[in-house]
Each structure stands twice: as C-alpha cells, then as structure tokens.
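Undergrad: One structure, as structure tokens, below. Some questions next.
The values are calculated or read from the model by the stated rules, or taken from the named source; none is laboratory data. Owing to the predicted nature of the structure, the values given are computational and were not obtained by experimental measurement. A quick note on method: Cβ atoms are made from the backbone with ideal geometry, for glycine too, and the neighbour counts reach across all protein chains shown.
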Amino acid sequence: MRAYYRAKGEETAGIAYRARMHCFFAELEPSIPVTEQNLADRVRYIMRSKIFDDAELERLRREAIPSSNELATAGDEAPQATDQLPRVEAAMDLPVVGDSDDDEMVSHELEQMRSILEEAILETRSMPLENRPRLPRIPLSKRNRAVVRALNPMLATYLEASRDLCETDSVLFGAAVAACRIIGAKLPMAGRATKQSSAIPAWRKRIEDRIAKARALIGRLISFRSGNNRPRVVRTVRMAFAGTNISLSQPDITQKLTERIDDLKQKIAAWGKRIRRFIERSRRFNQNRLFQSDQNRLYKSL
C-alpha cells in the first residue's frame, strides 16, 4: 500500500501509476517477484475487502506521501542524515526517472488512441446507417472511464468542424467504436445487424413446419378416403383422430374425414396469412429505412 500511495500521488484516475508502483515495490521488497497486474490486483483486493481500516490506510498514505513541511525539513536535514538513510534517499530519487518514462508512455498511448479515433470516424462517415455494427455494452470500470475521459477532449476538433447533425452523429458513433476498440470489446462485423434482421425468425420456421405436416396429413387423409388401406396410411389416420370417439369402421367416416381435412385447410390458411402479414410488414419497414438512407437505391429496387 505504501508503494501504491507513493506512485498514485495526487492522481484520481488513470493507469500510468502502475509502472511507478512496481518500481517502488521492487525497491521496498526486492526479494518478492511480482508483476504490475498482480500488484494492482492485490491493491484492489485490499481496498475492497477492508483488511485495513480508514485510519490505518491514512497512516500508510501519510508515510508514503509526506507533506510539504516534512519535505522541506527533510531537505534541510539531508546533509546530516546522509549516512543514516541511504536507501530512503535512493528510493526518493526513483520517482524523477519514473515520471519521465511514464509521461512518455502516456503520450504514446494518447497518440495511439488519437489515431484509432481518427480511423474510426473516417470509417463511420462513409458507412451507411444499416451497415453500422451494433455497439456492445461496456462494463463500468476505472480503466474504461479513463479511456472515455481521454477521448472526450479529442472530440472537440471533430465536433467543431461538423456541419450538420448527420456528421455529428457519425463523429459520436466513431468515438464509440474507437472506445470499444481501445478497451478491447468485441464488435460485430459491418452489415451483420442487417443480416440478422433479415433472417427467418424462429416462430416462422415453426409455423412453416406445422404447415408442412398439416399438408402431409391432408394427403394421407385424402388417400385413405379414396380407398387406400395401407398400414402406414391407416396408422396416420388413426393418429389424426386420436383422442376422439371416432372409429375408422363407423359408417360416417367419410364425412368425418372431410371435416378433418377442411379443418386442417383452415388452419393452414390462418398460418399462411400470419406469415404473409409478417413479410409485408418487413418489406415496408426495410423500404422505409432504405428511403431514409438512400432514396435512389429504393427507387431502383421498385
């Protein structure tokens, strides 16, 4: 925790302190091998599990970050205490070197984020609305918030240069895509949402299967009514009248077969109307969306 507070300093966000914390911990405990990520995980566990109370954490923070008066006093007494505290002075010299390296690393990361943002905005400007990928839900975390805070100032130049709402929308969408790429969230391929929307829904497949089975049953019933007494046909007819008091040997079986066939035909007609209503609605929806994005393409398709 001393290495954490010393590396963190007055920062409230960002992940650039990890390298400094690792250097400080290596200076304090050189015999314990640990990585930056493992060290950050241990600090997070200590903070969440409340192993130390607030007073103990405050004491560790004061020991790691001395006040300005203490620094001045230590500076005045440094010539006298040089022989007594050599390791402390060596540790105090580390932040100067570490800060310069971390500043270079942060500037490099910002330049990389800026290039990703510019590339994403250029892609979204030339991309039709129906081909835009669906943005995933990004979990809330300190790292993700730091990425968003770093991207916000970069958007000022693009938003000031935007001429209309469409261009502003493309800039904001490109920034969201860039944030997902920087964080590492998975983005679907371009045009995947359109393919998913045009796919056959599961309920339609079930209805189509029912229609196919009903038509096959109608064919067997008509065949039995015409005098086909094969075992497979008879077995199918008995299954069609299962759960009823109708017997195949009763005299009015022909009338019962006709009623059953008419009932199945009515069900097929109702199922077909439902599918046709869905197809018509989907066609109108796609035409309206295409009219909003590309009218010339819509008129050519008519």
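Undergrad: I'd like to verify a number: residues in segment 112-157 that are within 18 Å of the chain's Cα centre (by Cα) and of a type in the set (Gly, Ala, Ser), how many?
TA: The number of residues fulfilling the criteria is 3.
Condition check ((1) assigned to a helix (DSSP H, G or I); (2) polar (S, T, N, Q); (3) within 30 Å of Cys166 (Cβ to Cβ)) across all residues:
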site: Asn229; (1), (2), (3): no, yes, no
site: Thr236; (1), (2), (3): yes, yes, no
site: Ile261; (1), (2), (3): yes, no, no
site: Asn286; (1), (2), (3): yes, yes, yes
site: Gln292; (1), (2), (3): yes, yes, yes
site: Tyr299; (1), (2), (3): yes, no, yes
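Undergrad: I want to confirm something. Restricting to segment 158-183 and keeping residues that are β-branched (Val, Ile, Thr) and farther than 19 Å from Glu109 by Cβ, which single residue is surrounded by the fewest Cβ atoms within 10 Å (Cβ to Cβ)? Even if it seems obvious, please write down each step before you answer.
TA: Taking segment 158-183 as the starting set, the residues that turn out to be β-branched (Val, Ile, Thr) are 168, 171, 177, 182-183.
From what's left, farther than 19 Å from Glu109 by Cβ: 168, 171.
Working: Thr168: 14, Val171: 21.
Checked segment 158-183; the qualifying residue surrounded by the fewest Cβ atoms within 10 Å (Cβ to Cβ) is Thr168.
Undergrad: Would you please name the residue that is modelled with the lowest pLDDT, looking only at residues in segment 266-302 that are touching a helix residue (DSSP H, G or I) at 6+ places or on another chain (Cβ under 7 Å) and among the charged types (D, E, K, R)?
TA: Arg297
Undergrad: Another question, then. Is one or more of the residues making up segment 166-173 in a helix (DSSP H, G or I) and at pLDDT below 80? Explain how you work it out, then say what you get.
TA: From segment 166-173, those in a helix (DSSP H, G or I) are 166-173; that's our starting set.
Still in the running and at pLDDT below 80: none.
No, the conditions are met nowhere in segment 166-173.
Undergrad: If only one of Arg62, Arg125, Arg87 is among the basic types (Lys, Arg) and at pLDDT below 75, which one is it?
TA: Numbers: Arg62 fails: at pLDDT below 75; Arg125 fails: at pLDDT below 75.
Of the residues listed, the single one that is among the basic types (Lys, Arg) and at pLDDT below 75 is Arg87.
Undergrad: Confirm whether Ile138 is in a helix (DSSP H, G or I), in contact with a helix residue (DSSP H, G or I) (Cβ under 7 Å, 6 or more places away or on another chain) and touching a residue at least 24 places away in the same chain (Cβ under 8 Å).
TA: Details: in a helix (DSSP H, G or I): no; in contact with a helix residue (DSSP H, G or I) (Cβ under 7 Å, 6 or more places away or on another chain): yes; touching a residue at least 24 places away in the same chain (Cβ under 8 Å): yes.
Answer is no for this residue.
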